[in-house]
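Have a look at the structure below before the remarks.
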Amino acid sequence: MHNNHSLDCSAEVITTLLHALIEISATAKAAHNCVSRDEECAGSVVPHSLAVVHQLADHIVSAAISMLEADIKNIQGAHHA
């Protein structure tokens with residue numbers, strides 16, 4: 001039974017990471033488009049966009065790690081029960 005839970009957790013982690021990559025890609029594309037249209041905005045858009053990407057990546061990686069840790073504890077608990 002824990003195997004199905006592990007598969008569900010793995011799918012949830014992968015989905016979470018893929019959504020993050022999509023958001024990061026969209027942020028990078030928006031920054032690139034802005035800089036391409038107006039080079040003067042590069043001074044503020046690029047650092048801001050990088051900060052957003054960094055914050056998003058940190059948040060999603062932490063969430064994925066938490067999901068995996070919870071799954072590991074659940075599996076370990078099932079083995080000890």
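Structure values in brief
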quantity	calculated
Solvent-accessible area, 1.4 Å probe, carbon plus sulfur percent, for the chain	62
Cβ-based net charge around Ala31, under 13 Å, with every Lys or Arg adding one and every Asp or Glu removing one	-1
Average accessible area per residue (Å²) across the chain - probe 1.4 Å, nucleic acids and ligands excluded	74
Between helix 2-37 and the chain: long-axis angle, C-alpha atoms, 0 to 90°, nearest 10	0
Helix 42-80 vs. the chain, principal-axis angle (Cα, 0 to 90°, nearest 10)	0
Neighbourhood charge, 14 Å Cβ-Cβ cut-off, centred on Ile14 and excluding it, Lys, Arg +1 and Asp, Glu -1	-3
Mean ellipticity per residue at 222 nm, deg cm²/dmol - from DSSP H runs of n ≥ 4 across the chain, formula -39500 (n - 2.57)	-34000 deg cm²/dmol
Relative contact order of the chain, defined on C-alpha pairs under 8 angstrom at six or more residues apart (%)	46
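The values are calculated or read from the model by the stated rules, or taken from the named source; none is laboratory data. All values reported here derive from a predicted model rather than from experimental measurement. Neighbour counts run over all protein chains shown; Cβ positions are idealised from the backbone, glycine included. With ligands, DNA and RNA removed, areas are computed over all heavy atoms of the protein, side chains included. Shrake-Rupley method; radii C 1.70, N 1.55, O 1.52, S 1.80 Å.
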